[in-house]
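The structure appears below as structure tokens.
The values are calculated or read from the model by the stated rules, or taken from the named source; none is laboratory data. Computed from a predicted model, the values in this text were never measured in an experiment. Here the Cβ is made from the backbone with ideal geometry for all residues, glycine too, and neighbour counts use every protein chain on show.
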Amino acid sequence: MRFFRLILMLAATGALEAGSPRLAEQIRSEHHHAMQRWATQLRVAASPEEQLRVWEQRPDANEFGARMWTELRESLREEWILPYASWLLETAPHFASQKREAVSKRTVEEEIRRALDVVHFAKPGAGRLCLSLTALPNSRSLKVVTKVQEKNPVEVEQGQAAMARALLLRHLGDDPQVMRERLTHLRTAIIKAADAEVGDVTVAKLAGDELYAIKNLAKGRVAPDVAGRDVAGTALKLSDYRGKVVVLVFWSANMPDAARAVDILKKLRTNSADKEVALLGVTTDNEQVLRQLKANGTIPWRNFADADGTITKQFRVRNRPLVYVLDREGVIQFIGSPGSFVDLAVEALVAEKPGG
């Protein structure tokens, strides 16, 4: 992998020294501007061939993640690393899920989680880092997130940690006890951290969306029958696909690890081509960009053009990619990221007899 080579190169040149907040901020700024330039180039590309070339030149989040890790790894006991650790987890989640060196027993995420548990649990910024850990849903994060909620002396940090607990518990199923715990933590989050900002939203907004999802978008609920148009302007309605297993994926060209997620979804589409499976996308990307990506084969599935975000908001989508797997009756059977669990859910539903 490219980011492993980058780490080894940095190690060989002696570059793995204690980092600095100045260099960490420079990396974050470089990534932001690189993504802005890339999005502009993608939007103005004049042909499908040119757009495909630009798509393939997307800034590599893993390389930026590796550079950021170089700055953070020897300074994990320093308080300044907290916002940059959050940035790394959210911007390069695939990199963060990998071991940092061939000899390491821990992934980058585990190293950051350990630093939070041992050093930073009572510091300002600990709650925000708890929320960033939800970008890589892992039940092992529950222990440290609980510690932050119980041990951090600042209410807003406790509230953000409570919000993170509610989000992490989502992945433990819909057992009544788990649901009660989620509701308790959501109430705590609203009381203690309603106005705390998480990206471009507040904890209150996150909690409200989660409450709505518990009631309307949980496993076993019938998915909302959204209607819209595809990029060709043709009417498109989710209920038109009743009788098929539906994989509804929320995505965008600038989401973290976009190329990897798109490759996974293309393989799913290929493997299920002869089965009663429909892969539908929902994207807020510019329609011209979407048409070009469809024309050059980068995105071979049909998409709801959701430029105003109506459908995305209806499904309370915060992080992309996000996949809903629906059975033949439109009932939600799985919610998660593209990958093997989506494949298994689809295979199980395809194997069921219609009406059985």
Would a scan of the stretch 317-340 turn up a residue that is among the hydrophobic types (A, V, I, L, M, F, W, C), in contact with a strand residue (DSSP E or B) (Cβ under 7 Å, 6 or more places away or on another chain) and surrounded by fewer than 16 Cβ atoms within 10 Å (Cβ to Cβ)? yes
Yes or no: A135 buried (at least 19 other Cβ atoms within 10 Å of the Cβ), in contact with a helix residue (DSSP H, G or I) (Cβ under 9 Å, 6 or more places away or on another chain) and at pLDDT 90 or above? no
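D274: acidic (D, E), in contact with a Leu (Cβ under 8 Å, 6 or more places away or on another chain) and closer than 19 Å to V245 by Cα, yes or no?
Working: acidic (D, E): yes; in contact with a Leu (Cβ under 8 Å, 6 or more places away or on another chain): no; closer than 19 Å to V245 by Cα: yes.
No, not satisfied.
If I ask for residues that are crowded, with 18+ Cβ neighbours inside 10 Å and in a loop (DSSP other than H, G, I, E, B), which ones from the stretch 299-315 would you list? Reasoning before the result, please.
Step one: filter the stretch 299-315 for residues crowded, with 18+ Cβ neighbours inside 10 Å, giving 299, 303-306, 311-312, 315.
Hits for the stretch 299-315 are I299, D306, F315.
How many residues does the stretch 191-217 contain that are of a type outside the set (S, T, N, Q) and more than 18 Å from the chain's Cα centre (by Cα)?
Residues of the stretch 191-217 that are of a type outside the set (S, T, N, Q), as a first pass: 191-201, 203-215, 217.
Restricting the remaining residues to those that are more than 18 Å from the chain's Cα centre (by Cα) gives 191-196, 204, 208, 211-212, 214-215.
Total satisfying the criteria: 12.
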Note: among L238, L248, just one is of a type outside the set (G, A, S), touching a helix residue (DSSP H, G or I) at 6+ places or on another chain (Cβ under 8 Å), touching a residue at least 24 places away in the same chain (Cβ under 8 Å) and in the same structural domain as L280 (by TED's automatic domain parsing), namely L248
Can you spot a residue in the stretch 69-82 that is small (G, A, S) and more than 20 Å from G19 (Cα to Cα)? no
Across the stretch 111-136, what is the number of residues that are outside any helix (DSSP H, G or I) and among the hydrophobic types (A, V, I, L, M, F, W, C)? 4
Please verify whether A85 is modelled with pLDDT of 95 or more, outside the structural domain of D257 (by TED's automatic domain parsing) and surrounded by 22 or more Cβ atoms within 10 Å (Cβ to Cβ), treating the condition exactly as stated. yes
Output the qualifying pairs, or none if there are none: Cβ atoms under 9 angstrom, residues six or more apart or on different chains, first residue in the stretch 259-281 and assigned by TED's automatic domain parsing to the domain that holds F95, second residue hydroxyl-bearing (S, T, Y). none
Within the stretch 206-220, does at least one residue satisfy the condition of being free of Cβ contacts under 8 Å to residues at least 40 places away in the same chain and more than 25 Å from D308 (Cα to Cα)? no
For the stretch 145-160, check the following and say yes or no: at least one residue is under 28 Å from F341 (Cα atoms) and either touching a Gly at 6+ places or on another chain (Cβ under 8 Å) or assigned to a helix (DSSP H, G or I) (or both). yes
Subset of the stretch 88-102, residues assigned to a helix (DSSP H, G or I) and surrounded by 18 or more Cβ atoms within 10 Å (Cβ to Cβ), comes to L88, L89, E90, T91, P93, F95, A96
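Do we find that E197 is at pLDDT 90 or above, crowded, with 20+ Cβ neighbours inside 10 Å and charged (D, E, K, R) in this structure?
Criteria not met by E197.
Looking at the stretch 46-75 only, could you name the residues that are more than 24 Å from the chain's Cα centre (by Cα) and surrounded by fewer than 20 Cβ atoms within 10 Å (Cβ to Cβ)? Give the derivation first.
Taking the stretch 46-75 as the starting set, the residues that turn out to be more than 24 Å from the chain's Cα centre (by Cα) are 46-51, 53, 74-75.
Answer for the stretch 46-75, where residues must be more than 24 Å from the chain's Cα centre (by Cα) and surrounded by fewer than 20 Cβ atoms within 10 Å (Cβ to Cβ): A46, S47, P48, E49, E50, R53, E74, S75.
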Would you confirm whether or not the stretch 285-300 contains a residue that is touching a Ser or Thr at 6+ places or on another chain (Cβ under 8 Å) and at pLDDT 85 or above? no
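Counting just the residues of the stretch 227-269 that are in a strand (DSSP E or B) and among the aliphatic types (A, V, I, L, M), which one comes out farthest from K313 (Cα to Cα)?
Applying the first criterion (in a strand (DSSP E or B)) to the stretch 227-269 yields 227-229, 235-237, 245-250.
Applying the additional criterion that residues be among the aliphatic types (A, V, I, L, M) yields 227, 235-236, 245-249.
On the way: A227: 13, A235: 19, L236: 18, V245: 23, V246: 19, V247: 18, L248: 14, V249: 14 Å.
Filtering first and then ranking leaves V245.
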Per the filter on the stretch 5-31, residues surrounded by fewer than 12 Cβ atoms within 10 Å (Cβ to Cβ) and modelled with pLDDT of 85 or more are R22, S29
For the stretch 142-163, enumerate the residues that are crowded, with 24+ Cβ neighbours inside 10 Å and farther than 16 Å from L186 by Cβ. V144, V148, E157
Lone unmet requirement of (1) touching a helix residue (DSSP H, G or I) at 6+ places or on another chain (Cβ under 7 Å); (2) at pLDDT 95 or above for P59: (2)
